[in-house]
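The structure appears right after this line, and notes come after that.
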Amino acid sequence: MVKTHTNPASGPPIVVKLGGSLFNRIPDLVPVLRASGRSLFIVPGGGMFAEGVRKLQVDDDSAHWMAIAAMDQYGWIIASQGIMTSDLLQVAPDQPVVFLPYCSMRQHDPLPHSWDVTSDSIAAWVADILGLDLLLLKSVDGILENGNLKNQVKIPVKTEMVDPFFIPFVLKKKIKTTIINGSLVDRVEKYLRGGAVPGTRIGTTFKGSKRDTIGILGGA
């Protein structure tokens, strides 16, 4: 028996962080994102481009901006599969858009310049600015504790699944955040259509409607 999460609603806009570890799944994920009929504001990870920056022994300021530029590069890979791009903090009606963050981040410069802040925290900042929920697509089911999937995180915890800045930030800003396994494309499709899938919720505000409850799905 696996605890699952139901998307709060099948229609409203949502910020989707598409992790760099899902590079090989992009051709399969993009058709699902496009077919959802939803306003998806896709924040790209840095992928292999950001990993290249990590290998360079440059100062924190330089590394920060180089890593954000790496997100733009990964964003163009996503866009090459048929999704439009934008460097504006504005969703597109009923369709996905890939956000290229470099220009906006240079303009606002809202986050610390440190490897404690990665594309996950940038996606959280974007979700906060836009007032939207956040979906993190990772290559894992969610946050694990002693090898078991954590159903919900309500206080800061140590994990390698997200950067150290991320969980305290989303809790402080009350951003409804869900992590699911983006390498399993059927799960992404089901979640975007309002279905229940395994994952980890981060936050204390998941309550209210029936569509916002935690369900059980055997054999998922």
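The values are calculated or read from the model by the stated rules, or taken from the named source; none is laboratory data. Predicted model only: the values in this text are computed from it and were never measured. As a convention, Cβ positions derive from the backbone with ideal geometry for all residues, glycine included, and neighbour counts pool all protein chains shown.
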Fill in: When residues of the stretch 91-113 are limited to those that are in a loop (DSSP other than H, G, I, E, B), at pLDDT 95 or above and not aliphatic (A, V, I, L, M), the one surrounded by the most Cβ atoms within 10 Å (Cβ to Cβ)
96
Item to complete: Among residues belonging to the stretch 73-90 that are among the aliphatic types (A, V, I, L, M), in contact (Cβ under 8 Å) with a residue 40 or more places away in the chain and farther than 14 Å from residue 16 by Cβ, point out the one that is surrounded by the most Cβ atoms within 10 Å (Cβ to Cβ).
Response: 77
Worksheet item: Taking the stretch 114-130 as the search range and keeping residues that are under 16 Å from residue 72 (Cα atoms) and out of contact with any helix residue (DSSP H, G or I) (no Cβ under 8 Å at 6 or more places or on another chain), which one is surrounded by the most Cβ atoms within 10 Å (Cβ to Cβ)?
Response: 123
Worksheet item: Given the structure, is residue 29 of a type in the set (A, V, I, L, M) and under 14 Å from the mean Cα position of the chain (by Cα)?
Response: yes
Worksheet item: Out of all the residues in the stretch 16-34, is one or more under 17 Å from residue 118 (Cα atoms), free of Cβ contacts under 8 Å to residues at least 60 places away in the same chain, crowded, with 19+ Cβ neighbours inside 10 Å and out of contact with any helix residue (DSSP H, G or I) (no Cβ under 7 Å at 6 or more places or on another chain)?
Response: no
Worksheet item: Yes or no: residue 13 surrounded by fewer than 16 Cβ atoms within 10 Å (Cβ to Cβ) and under 20 Å from residue 191 (Cα atoms)?
Response: no
Fill in: Residues within the stretch 182-191 that are in contact with a helix residue (DSSP H, G or I) (Cβ under 9 Å, 6 or more places away or on another chain) and part of a helix (DSSP H, G or I), tallied
4
Worksheet item: Going by the structure shown, is residue 194 outside any helix (DSSP H, G or I), farther than 23 Å from residue 26 by Cβ and touching a Lys or Arg at 6+ places or on another chain (Cβ under 7 Å)?
Response: yes
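This table checks each residue for (1) buried (at least 16 other Cβ atoms within 10 Å of the Cβ); (2) farther than 22 Å from residue 21 by Cα; (3) modelled with pLDDT of 95 or more; (4) out of contact with any helix residue (DSSP H, G or I) (no Cβ under 9 Å at 6 or more places or on another chain).
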position: 177; (1), (2), (3), (4): yes, no, yes, no
position: 180; (1), (2), (3), (4): yes, no, yes, no
position: 194; (1), (2), (3), (4): no, yes, no, no
position: 198; (1), (2), (3), (4): yes, no, yes, no
position: 206; (1), (2), (3), (4): yes, yes, no, no
position: 209; (1), (2), (3), (4): no, yes, no, yes
position: 215; (1), (2), (3), (4): no, yes, no, yes
position: 220; (1), (2), (3), (4): yes, no, no, no
Discussion item. Of the residues 108, 113, only one is farther than 26 Å from residue 32 by Cβ and in contact with a His (Cβ under 7 Å, 6 or more places away or on another chain); which?
Written reply: 113
Worksheet item: From the list 95, 90, 73, 81, which residue is touching a strand residue (DSSP E or B) at 6+ places or on another chain (Cβ under 9 Å) and within 20 Å of residue 189 (Cβ to Cβ)?
Response: 95
